[in-house]
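Trainee: Okay, here's the structure, questions in a sec.
The values are calculated or read from the model by the stated rules, or taken from the named source; none is laboratory data. Since this is a predicted model, take the numbers as computed values, not measurements. With ideal geometry, Cβ positions are generated from the backbone for all residues, glycine too; neighbour counts draw on all protein chains shown.
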Amino acid sequence: MLACAGITVALMQTLIVPIVGQLPALLHATPIDASWVLTATLLTGAVATPVAGRLGDMYGKRRVLLASLSLMVLGSVVCGLSQELVPMVVGRALQGGAVGVIPLGISIMRDVLPAERLGSAMAVMSSSLGVGGALGLPGAALVADSMDWHMLFWISAGLGVLLAGLVAVIVAESPVRTGGRFDGVGALGLAVGCAASCFP
């Protein structure tokens, strides 16, 4: 179940690759501005991964994993309703916030699985990033060729809702917690640093 969630989140990275060339016309934007539809997901993913990991250690990994899947669903809905650049970038940024699902899934496995099953389970979960990317390209191309491009996001929203429900029912919460406090200033600094790297 966790690997399926990881694959679905990884799909978001390649979801729009088949329509990248059409984005300026679809969103009434310049090619440079339209490139933010890709960049926004990568930026928020880079920030969300350590932040989700820390929050999961403090407040519960499954809880944060479900919150991350909810961000993916919300972002997909925003993109599915978008006709212009700004809401599309916002939606894609929200989708990127779900990237933390993969390390959170590995952490849950480490906490709840017996030692003899841990290695193979972590290998499956780790491979979900590559599998999701590989499945995303042909799947997204098929949808983009046969349907309205917004269906890419409605399908991903539906998958997110389904997976969130299944994770809530099937995946046990890890009992492991750590103390301390969340470093909001550090998280903000990480976000600003990542964003600044996108500008010359």
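Trainee: Restricting attention to the range 23-31, does a residue exist that is within 16 Å of the chain's Cα centre (by Cα) and either under 18 Å from Val143 (Cβ atoms) or basic (Lys, Arg) (or both)?
Mentor: No: zero hits.
Trainee: Another one. On the basis of being modelled with pLDDT of 90 or more and within 23 Å of Ser126 (Cα to Cα), does Ala5 make the cut?
Mentor: So Ala5 fails the test.
Trainee: Which pairs turn up if I take residues in the range 145-169 that are within 12 Å of Val9 (Cα to Cα) and modelled with pLDDT of 90 or more and look for partners that are surrounded by 20 or more Cβ atoms within 10 Å (Cβ to Cβ) and among the polar types (S, T, N, Q) with beta carbon separation below 7 Å, at least 6 apart in sequence or on another chain?
Mentor: From residues that are within 12 Å of Val9 (Cα to Cα) and modelled with pLDDT of 90 or more, the pairs are Ser156/Ser76; Ala157/Ser76; Leu159/Thr8; Gly160/Thr8; Gly160/Ser76; Leu163/Thr8.
Trainee: Scan the range 65-73 and give yes if some residue there is of a type in the set (S, T, N, Q) and within 17 Å of Leu42 (Cα to Cα), otherwise no.
Mentor: yes
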